[in-house]
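J.: The structure is given below, and queries will be raised subsequently.
The values are calculated or read from the model by the stated rules, or taken from the named source; none is laboratory data. These numbers come from a predicted model, not from an experiment. Using ideal geometry, Cβ is built from the backbone for each residue, glycine included, and neighbour counts are taken over all protein chains shown. Side chains included, ligands, DNA and RNA excluded: accessible areas come from the protein's heavy atoms. Shrake-Rupley method; radii C 1.70, N 1.55, O 1.52, S 1.80 Å.
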Amino acid sequence: MSVIDEIGKLWSDFLGFLSTIIIPDWAGLIALLPVFVLIGVVGPLLSLGVLAWLGYGVTKPRAKVKYDEGTKIAPLDYLGQPIFPSGEPYCPTDGLVYPSGTIRCDRDDVPLLVRCPKCELVREAAIDTCGNCGLILRIAPRAMIVATDGPPPGGAAAA
């Protein structure tokens, strides 16, 4: 066989391969039509659904969790007097705010006080009912404080 015959054979094999690609088997393609519809319609819809689910999972609002830090110094007003938050036990002599659940001062072993969040009456932290308004405020130990991601109800001005 000569080189020209080999080149001719390769050329005819190449043209035969191209004819199977260019001139399709229409009966075989019609039989595959349900598969093409499944891939072309259901596939993109399923992909969009998975992407939307993942997008929500990444961007959904989450609650912020911060841990109770323990004893802290009460902030001071413009006269230098401590400002004690309502509903939290505090020691008036030391100017310290204690974590929830504490009823005695660490330094001088005096009972801690709590200011009622409803009527502002000051009482001992060991007493769980306000003598003025009757609000039951049990000071129990907490491991963490959970705050929402957005502003408080009523907008940021209420904070």
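J.: Does region 122-130 contain any residue that is modelled with pLDDT of 80 or more, closer than 17 Å to GLY70 by Cβ and open to solvent by less than 40 Å² (accessible area, probe 1.4 Å)? I'd like the intermediate steps shown before the answer.
T.: Applying the first criterion (modelled with pLDDT of 80 or more) to region 122-130 yields 122-130.
If we keep only those that are closer than 17 Å to GLY70 by Cβ too, we end up with 125.
Then keep just the ones that are open to solvent by less than 40 Å² (accessible area, probe 1.4 Å); that gives 125.
Yes.
J.: On to the next question. Please enumerate the residues belonging to region 22-45 that are at pLDDT below 85, open to solvent by 100 Å² or more (accessible area, probe 1.4 Å) and either touching a strand residue (DSSP E or B) at 6+ places or on another chain (Cβ under 7 Å) or in a helix (DSSP H, G or I) (or both).
T.: Passing the criteria: ILE22, TRP26.
J.: Please enumerate the residues belonging to region 65-98 that are buried (at least 16 other Cβ atoms within 10 Å of the Cβ) and touching an Asp or Glu at 6+ places or on another chain (Cβ under 7 Å).
T.: VAL97 - this is the single residue of region 65-98 that is buried (at least 16 other Cβ atoms within 10 Å of the Cβ) and touching an Asp or Glu at 6+ places or on another chain (Cβ under 7 Å).
J.: So which residues in region 132-153 are open to solvent by 80 Å² or more (accessible area, probe 1.4 Å) and either modelled with pLDDT of 65 or more or in contact with a His (Cβ under 8 Å, 6 or more places away or on another chain) (or both), if there are any at all? Before you say what the answer is, go through the steps one by one.
T.: Filtering region 132-153 for residues open to solvent by 80 Å² or more (accessible area, probe 1.4 Å) gives 132, 136, 138, 141-142, 144, 146, 148-149, 151, 153.
Those that are open to solvent by 80 Å² or more (accessible area, probe 1.4 Å) and either modelled with pLDDT of 65 or more or in contact with a His (Cβ under 8 Å, 6 or more places away or on another chain) (or both): ASN132, ILE136, ARG138, PRO151, PRO153.
J.: Follow-up. Condition first: among the aliphatic types (A, V, I, L, M) and open to solvent by 100 Å² or more (accessible area, probe 1.4 Å). Now tell me which residues in region 1-20 satisfy that.
T.: First, pick out the residues of region 1-20 that are among the aliphatic types (A, V, I, L, M): 1, 3-4, 7, 10, 15, 18.
Answer for region 1-20, where residues must be among the aliphatic types (A, V, I, L, M) and open to solvent by 100 Å² or more (accessible area, probe 1.4 Å): MET1, VAL3, ILE4, ILE7, LEU10.
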